1. Would you tally the residues in the stretch A:283-318 being small (Gly, Ala, Ser), closer than 25 Å to residue B:286 by Cβ and more than 8 Å from chain B (Cβ to nearest Cβ)?
2. Of the residues in the stretch A:386-399, how many are facing chain B (nearest Cβ under 10 Å) and open to solvent by 30 Å² or more (accessible area, probe 1.4 Å)?
3. Can you tell me which residue in the stretch A:260-307 is surrounded by the most Cβ atoms within 10 Å (Cβ to Cβ), limited to those that are within 11 Å of residue A:342 (Cβ to Cβ) and among the β-branched types (Val, Ile, Thr)?
4. For the stretch B:85-109, name all the residues that are open to solvent by less than 40 Å² (accessible area, probe 1.4 Å) and within 18 Å of residue B:16 (Cα to Cα).
5. Quick check on my filter: what residues within the stretch A:402-419 are farther than 18 Å from residue A:449 by Cβ and among the small types (Gly, Ala, Ser)?
6. Does the stretch B:289-305 include one or more residues that are surrounded by fewer than 17 Cβ atoms within 10 Å (Cβ to Cβ) and touching a residue at least 60 places away in the same chain (Cβ under 8 Å)?
7. Taking the conditions exactly as written (over 22 Å from residue A:466 (Cβ atoms) and out of contact with any Lys or Arg (no Cβ under 9 Å at 6 or more places or on another chain)), does residue A:395 satisfy them or not?
8. Which residues, counting only those in the stretch A:1-31, are of a type in the set (S, T, N, Q), at pLDDT 90 or above and over 15 Å from residue A:65 (Cβ atoms)?
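The values are calculated or read from the model by the stated rules, or taken from the named source; none is laboratory data. Source: prediction; values computed, not measured. Cβ coordinates were reconstructed from backbone atoms using ideal geometry, including for glycine residues, and neighbour counts include every protein chain displayed. Heads up: the accessible areas ignore ligands, DNA and RNA and are worked out on the full protein's heavy atoms, side chains in. Shrake-Rupley method; radii C 1.70, N 1.55, O 1.52, S 1.80 Å.
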Amino acid sequence: MIFKPVLLWSDLLLWSLVAGAVVLALYCRSQDYLRRAWRRVGESSAAMASVTVLAVFVAVGLLDSLHYQPRLPAKEGSSEIQYAPEVLSALDALFADLRLNNEKTYSAPLATHGFAKETMERDGVQTRDYPRLVFGGAHLDELSQHDADLRSRALSGALKGALLWAAFTGVVVGLLALAQRRSYADTCRAVWRPRRSAERPIAWRAVFVTAAVLCVLGGVIAAWADGYHVFGTDKVGQDVLYLSLKSVRTALLIGTLTTLVTLPLAIALGLIAGFRGGWWDDAIQYLYTVLNSIPGVLLIAAMVLMMQVIIDTHPEWFETAAERADARLLALCFILGLTSWTGLCRLLRAETLKLRELDYVQAARAFGVSDARIMARHVLPNLMHIVLIALVMDFSGLVLSEAVLSYIGIGVDSSMNSFGTMINAARLELSREPVVWWSLAAAFVLMLALVLAANLFADAVRDAFDPRFQWRARRTLRRAAA
Amino acid sequence: MIAYIIRRLLYAIPILIGVNLITFVLFFVVNSPDDMARMQLGAKRVTPEAIEKWKAERGYDRPLVWNANAAGLAKATDTILFDKSMRMFVFDFGRADDGRDIALEIGNRMGPSLAIAIPTFLLGLFVTVSFALLLVFFRNTALDVGGVVLCVAAMSISGLFYIIGGQYLVSKVWNLVPISGYAPGLDAGRFLILPVLISVVGGIGSSARWYRTLFLEEINKDYVRTARAKGLSELRVLFRHVLKNAMIPILTGVVVVIPLLFMGSLLLESFFGIPGLGSYTIDAINSQDFAVVRSMVFIGSVLYIVGLLLTDISYTLVDPRVRLK
């Protein structure tokens with residue numbers, strides 16, 4: 001084999017989370033009320049546009065979660081197969097150029113020359129000038145071609161992006177036509193100009209428009225990235241575009257894996273506290289009041305400090321640097337989960353208190369159904385909307401807090417790419433003269449895109465699943481119709 | 001009322017004991033003092049003698065919870081649990097790793113933290129509530145939609161960017177105020193204006209949206225219709241009636257924060273070099289000064305509990321229907 005697959009713990013958990021999401025999606029399809037709620041999410045253009053953006057992020061994150069160790073070229077006279085010590089991912093393989101084409105130090109976006117002057121020898125005379133970059137614009141023979149080259153690359157990139165978009169749209173519309181048993185032309189028309197009917201149509205148009213923007217943008221960036229550093233390079237000459245792509249996985253992992261800790265704790269404890277009452281309730285309430293009364297950042301800081309001591313005093317537990325960084329990331333998710341389940345637990349407890357007095361639960365009790373079964377079959381499904389809303393609403397907050405924590409120095413391992421570490425490095429770069437702004441800008445743009453999309457999607461999910469909000473949405477609809 | 005307050009204060013004791021136990025387990029059981037010493041002295045190549053010395057200097061050389069060698073009451077008191085955790089109940093925090101008295105340091109750093117937190121809090125509350133009321137006043141218009149979109153965009157930006165961007169723009173490009181630093185007394189204004197502004201602007205997005213939802217919920221109630229039917233102007237309805245009745249949910253979120261104000265903001269203070277409690281905490285985290293972090297955790301939870309109590313008391317002030325028993 002030319003590579004050895006490496007399964008990091010976070011990969012395993014992330015992929016099992018993906019599997020869980022697929023199972024959940026299938027379950028939602030089978031349940032009428034859930035399908036209708038998700039349909040309402042689909043009717044919102046903002047939600048569908050943000051789903052498209054999120055899908056791109058998720059794709060990047062998942063690609064970056066397929067890890068392997070490449071095989072080293074065989075030594076002469078030895079038949080032993082050896083693998084490189086560094087752990088790479090599918091994303092690294094895909095963007096090998098970005099990863100390997102390192103400059104010496106800072107360079108501005110799309111630049112051909114370095115950012116700082118250097119002493120060099122030209123025609124036997126020592127001069128100080130901006131050095132030519134090793135990779136950025138290296139293909140240019142004459143520097144006057146720079147602008148023209150950028151323009152032509154942008155044009156061809158945009159065209160390729162448009163082609164990609166056309167293919168994507170064609171396939172999706174085809175699938176839609178197949179699913180709805182309509183002719184292709186009819187489906188096209190319905191997607192582009194949805195008819196007003198009792199049921200609002202799924203906002204496919206938003207998906208296609210967003211996809212068009214993303215494809216063209218992606219095409220241009222890809223075309224430029226082929227010969228330049230689109231977002232410039234950082235202090236040690238690494239491509240900032242590559243660094244920011246790598247950061248996406250960290251952000252996604254923090255946002256999603258935390259739920260693996262939060263959910264079981266919040267659901268189990270909230271249900272038991274609300275349903276059993278008595279000293280169970282007292283004990284659980286005490287537990288979350290205690291946890292809640294410690295300011296979040298401080299509790300996280302204290303736990304992370306402790307974890308750091310454990311990791312530092314047991315270096316023998318980790319074979320590679322990637323494994324150590326991974327363990328730290330997981331521990332961070334675990335800690336964030338431990339400190340953030342209290343809010344959801346309190347909500348679920350309150351709702352359970354209400355539900356357990358309802359007739360169907362009383363009826364189940366009268367039939368002698370066991371408590372555990374009543375909780376699982378009759379109470380839990382009626383709590384799922386709260387769980388779901390809390391989950392999607394929390395995601396963006398977690399992504400943002402990762403950046404802050406990494407900045408404070410209690411976030412992910414410093415060897416791991418994340419938006420927080422990027423911002424942290426950028427702080428010193430801003431005080432340089434002239435300013436090195438690009439890595440900060442790249443982190444800003446990507447984070448804004450990710451968090452904004454997540455926020456808009458979370459809003460749509462809340463509107464669709466929260467009974468209170470549905471009531472309001474219907475009324476505004478009625479008012480609009482009148 | 002007084003009986004209620006006393007009962008609540010008594011109720012706080014088991015919670016504080018819980019907090020204390022959690023921090024104790026975190027700091028001394030998850031990692032033994034040996035681990036900490038090894039970490040502080042540099043994980044490798046450290047002699048057992050050096051570890052013992054480090055522990056003895058800081059009083060970590062005693063048993064964790066029970067000292068069998070001591071006599072009488074000292075069996076329980078001459079332990080790490082008592083010395084490092086239980087003493088916090090009388091606000092005796094001991095010394096930091098650099099030898100300075102933590103309580104003294106906290107007293108000195110309280111001022112700058114408050115100087116930045118109180119204006120931020122008041123100004124922020126005023127600006128966000130007014131902005132939210134403005135959005136409600138123009139509800140179902142383009143202005144409202146635009147405002148909400150702006151709020152969502154604003155809350156999607158990490159606080160770090162507000163600070164970095166504000167500092168860069170105002171201090172470096174426009175050169176209006178110093179980038180960072182602090183001076184005691186009236187001189188402080190120069191240094192405080194930018195952090196206050198930045199944190200107010202950074203907080204508008206999420207809070208204004210939250211207040212807007214509160215007000216919208218309130219505005220469909222009957223008393224609002226009555227007020228309008230009386231012929232009151234919309235502004236009067238909003239500021240006199242709606243705002244008053246939305247006070248309870250606003251207070252719930254706001255009063256809890258008041259005591260915590262004196263802890264300062266971790267980010268702002270460290271970015272602007274303000275010698276408050278927030279930057280003290282960050283420095284302690286970075287230098288892994290466990291004694292300081294432990295003290296800050298304890299103080300934070302005391303303040304939080306005080307905040308909860310204040311919230312309940314404040315309810316009675318704004319809503320005569322609430323009676324505390």
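1. Total satisfying the criteria: 1.
2. The total comes to 1.
3. Per the criteria, the residue is A:262.
4. Within the stretch B:85-109, B:85, B:88, B:93 qualify.
5. Correct list: A:406, A:409, A:411, A:414, A:415.
6. no
7. no
8. none
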